[in-house]
Structure formats: C-alpha cells, structure tokens
Amino acid sequence: MPRLDELEVYELAMEYEDQPAEAVLGWALATFGDRLALAWSGQVEDMVLLDLAWRIDPRVRVWTADTGRLPPETYALMDRVYERYGLRIEVGFPERAEVEAMLARYGANLMYREVPLRILCCELRKVRPLVRALSQLDAWITGLRREQWASRHNIKKIEVDHDHGQIVKVNPLADWSEEEVWAYIRAHDVPYHALYDQGYTSIGCQPCTRAVAPGEDPRAGRWWWEKDAPKECGMHCAIETGGFEKIMEAVLAQAAVRRGQG
C-alpha cells in the first residue's frame, strides 16, 4: 500500500486519541496486514499487545531482536507464547562480524565502562537488527507508554516514524497506566516474563537489567550504573525533536574518535 503522509497520520492520531487500544490495533491490522509487526522484547506491555492483536487476527506478526545477551527467562516466555497462541516469534540477529569486531576491541562487558560503549553495544545488537526488519515493513506496533519515561511523554497512538524510513509507528497503549497493564494481564491470564516476579520492572539484556527496590523509578533497573544518561537504547527515539537520536550520534562519534586514537 502507498505510504501515509504526515497530514494523514496526524488526522488519524487525532481520530484515535480517545479510542481504546483494540480500536487502534484493529485499524493497524486491517490497514497494513502482513506489512505490520509487533516489536516484542518480553515486556509486560508487549504481552498485552500480543494478546489483544491475536484476538483480532491470530496471524499477527511478532518480531524480536535476539541480542545474544538475553536472560533465559525471555526464551522461556517465547516458548510459552507459542504454546498459548500458536505464534512463532520472528527473530532477528545482529551481524556476526560487527559483534565479533566490537568484542575483540572492547571485550564482552564493554557496556559497563562508559556510556558511548554501552550505546555502541545497543546499536549493534538491537538497533541495527530492528532497522533491517523495519525496512521490510510499512508499520510497526510498540508497547511504549507516556508515563514510562520523559522521552516518551509526547508519543501519539499513531505517528510517523521519522527515524525509520517514514513508516507508521503505532503505540496503542500510549495512554495506559502501569496499573491498567497489569489489570489486563490478570483479567485475561496472559503469560508474562518470570523476572517480574523477582522485582524487575523493565526487561532487557541480562547484563543491563536488574530488579528495582520499592519506590524506585520503573526504569531504574536499566543501565543502573550510568549517571545522567538517557534510559534508552536507541530503538525508540524522540519523534518530534530527534533528541535521543542526536545524543546517540554524538556519543557514537566520540567512540569512533577514541577508536581511531587507540
């Protein structure tokens, strides 16, 4: 189908702003068909969306990035998804040569040394596989919610993804609270990641995710050793300002300079 332009997407965003997640998903599935996929990483929001979308169309495509550093509980949840829904999650992998070169130069745990190296690791293991997958799609679904982090405060339920070829980005849970997410999980007995029962509130790669203490920000368990750095990996950038994209470009350029001096 032809790409939707900015005005069309803006009008759709206004039309669906007050509509429930089911309506947003129904529109996306009907509009884009198999040129649409849900980006899945095992977050509780992803499981809500998977369940909602599967109820509308059991053929919904679900995609994930296997970074090579995922916790075993994530793979166990992928198996549970197949057992419950009959869906095989499509898996994308980083380029072997890129990861091998990164590890040869910086070691396996480079993410702990400095923010530029952590973002470089995220770039190779997560962002580039996503970019390759999105290049084959006209739209994608995410579990982003406005209350999750400051960089997500202004997301719309339907928007143009300027960072990924002007395709459409669909965020059906943008206005959901964490309480609403868990209420859906309980009401529909939806499978969820086992690490949530161990105090985790955000799920990522095993070396970069920890449980949080009561009262801590839900994103505090991601890259907890970093100070005053964005709690983002680069898969989701600020749509209107490109703010995180600029930060990522700056730190990657800094890393490149340091590589040249090494």
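Quick one: how many residues across region 80-139 are of a type in the set (K, R), free of Cβ contacts under 8 Å to residues at least 12 places away in the same chain and farther than 25 Å from D46 by Cα? Of the residues in that region, 2 qualify. Out of T74, T67, one residue alone is surrounded by 20 or more Cβ atoms within 10 Å (Cβ to Cβ) and either of a type in the set (D, E) or assigned to a helix (DSSP H, G or I) (or both). It is T74. For the criterion of being within 15 Å of Y192 (Cβ to Cβ), assigned to a helix (DSSP H, G or I) and in contact with a strand residue (DSSP E or B) (Cβ under 8 Å, 6 or more places away or on another chain), D51 fails. Selection within region 117-137: residues that are buried (at least 20 other Cβ atoms within 10 Å of the Cβ) and not hydrophobic (A, V, I, L, M, F, W, C). The member of this set that is farthest from M102 (Cα to Cα) is P129. If you check A174, A220, A213, A183 for being free of Cβ contacts under 8 Å to residues at least 60 places away in the same chain, in contact with a Leu (Cβ under 7 Å, 6 or more places away or on another chain) and not basic (K, R), only one passes: A174.
Of the residues V62, V48, the single one that is of a type in the set (A, V, I, L, M, F, W, C), out of contact with any Asp or Glu (no Cβ under 6 Å at 6 or more places or on another chain) and over 20 Å from P129 (Cα atoms) is V48. Every condition in (1) farther than 23 Å from R3 by Cβ; (2) touching a Leu at 6+ places or on another chain (Cβ under 8 Å) holds for A39 except the one numbered (1). With respect to I141, is the statement that it is within 29 Å of D57 (Cα to Cα) and surrounded by 15 or more Cβ atoms within 10 Å (Cβ to Cβ) true? Yes. For R80, the criteria (1) of a type in the set (K, R); (2) buried (at least 18 other Cβ atoms within 10 Å of the Cβ); (3) touching a Pro at 6+ places or on another chain (Cβ under 9 Å) hold in every case but one, which is (2). Does R113 qualify as being at pLDDT 95 or above, surrounded by fewer than 21 Cβ atoms within 10 Å (Cβ to Cβ), farther than 30 Å from M14 by Cα and not aromatic (F, W, Y)? It is false that R113 is at pLDDT 95 or above, surrounded by fewer than 21 Cβ atoms within 10 Å (Cβ to Cβ), farther than 30 Å from M14 by Cα and not aromatic (F, W, Y).
Tell me which residues, restricted to region 191-207, are surrounded by fewer than 21 Cβ atoms within 10 Å (Cβ to Cβ), assigned to a helix (DSSP H, G or I) and either touching a residue at least 60 places away in the same chain (Cβ under 8 Å) or among the hydrophobic types (A, V, I, L, M, F, W, C) (or both). Result: A194, Y196, Q206, P207. Could you please let me know if L25 is among the aliphatic types (A, V, I, L, M), touching a residue at least 60 places away in the same chain (Cβ under 8 Å) and in a loop (DSSP other than H, G, I, E, B)? Answer is no for this residue. Whenever a residue of region 9-20 is over 17 Å from F32 (Cα atoms), its partners that are of a type outside the set (F, W, Y) and surrounded by 14 or more Cβ atoms within 10 Å (Cβ to Cβ), lying with C-beta atoms within less than 7 angstrom and at least six residues away or across chains, give the pairs E17/K157. Restrict the check to region 38-46 and report whether at least one residue is assigned to a loop (DSSP other than H, G, I, E, B), over 21 Å from R145 (Cα atoms) and within 20 Å of the chain's Cα centre (by Cα). Looking for residues that are assigned to a loop (DSSP other than H, G, I, E, B), over 21 Å from R145 (Cα atoms) and within 20 Å of the chain's Cα centre (by Cα), one finds none in region 38-46, hence no.
The values are calculated or read from the model by the stated rules, or taken from the named source; none is laboratory data. These figures come from a predicted structure and were not determined experimentally. Don't worry about glycine lacking a Cβ; one is built from the backbone with ideal geometry, like all the others, and counts go over all protein chains shown.
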